[in-house]
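The values are calculated or read from the model by the stated rules, or taken from the named source; none is laboratory data. Every value quoted in this text rests on a predicted model; they were computed, and no experiment measured them. Positions of Cβ are generated from backbone atoms using ideal geometry, with glycine treated the same way; all protein chains shown enter the neighbour counts. When the accessible area is computed, the model is the full protein with side chains, heavy atoms only, and any ligands, DNA or RNA have been set aside. Shrake-Rupley method; radii C 1.70, N 1.55, O 1.52, S 1.80 Å.
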Amino acid sequence: MIFGKVHIHTTEVPFHLVDAGHAVYHANYLILFDQARSQALQQAGYSAVDLWNDGFALALYESNSRYFRPATYGQKISIITTTVGATGTSLKV
């Protein structure tokens, strides 16, 4: 991930993340977001294992979400991330 560079993760909503109405349960969006973040890091040359071996770990500190309409089972969605800031102890994506 390079500052300002956009990463697009496209996926299909799996059955295990939806509720009885076939829409993604709100907490499960974080699972989809984490998959996108992991893919972005891997494509930038960082794997979780490499980070852990180097003494680093990524933890969710804060999350803000806006839901325009529900994602539903089988729907193809794109999660767009941009790295907007970093310090010695944090990464803002």
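A few notes on this one:
- A simple count of charges around residue 75, restricted to other residues whose Cβ falls under 13 Å of its Cβ and scoring Lys, Arg +1 and Asp, Glu -1, yields +1.
- Placing unit charges on the Cβ atoms only, positive for Lys and Arg and negative for Asp and Glu, gives the chain a dipole magnitude near 320 debye about its Cα centre.
- The fraction of accessible area contributed by carbon and sulfur in the chain is 56 percent, rounded to a whole number (1.4 Å probe; ligands and nucleic acids excluded).
- Counting all C-alpha pairs of the chain, share separated by more than 23 Å (%): 30
- Here residue 73 sits with roughly 120 square angstrom of accessible surface, probe radius 1.4 Å.
- Potential extension, residue 68-residue 6 segment - 0.36 nm per residue separation minus Cα distance: 20.3 nm
- With protein chains left intact and a 1.4 Å probe, residues in the chain average 76 Å² of accessible area per residue.
- The packing ranking of peptides 75-83, 34-42, highest mean first, is 34-42, 75-83, where packing means the average number of other beta carbon atoms within 10 angstrom of each residue.
- Within the range 65-93: backbone nitrogen closer than 17 Å to the residue 27 label point (7 Å, Cα to C-beta): 65
- Helical runs assigned H by DSSP (4 residues or longer) give the chain a calculated mean residue ellipticity at 222 nm of -6500 deg cm²/dmol, each run adding -39500 (n - 2.57) before division by the residue total.
- In this rough spin-label picture, where each label sits 7 Å from Cα along the Cβ direction, the residue 91-residue 49 distance is 1.7 nm.
- Listed residues 91, 40, 7: farthest to the positive end of the dipole of the chain (Cβ charges): 7
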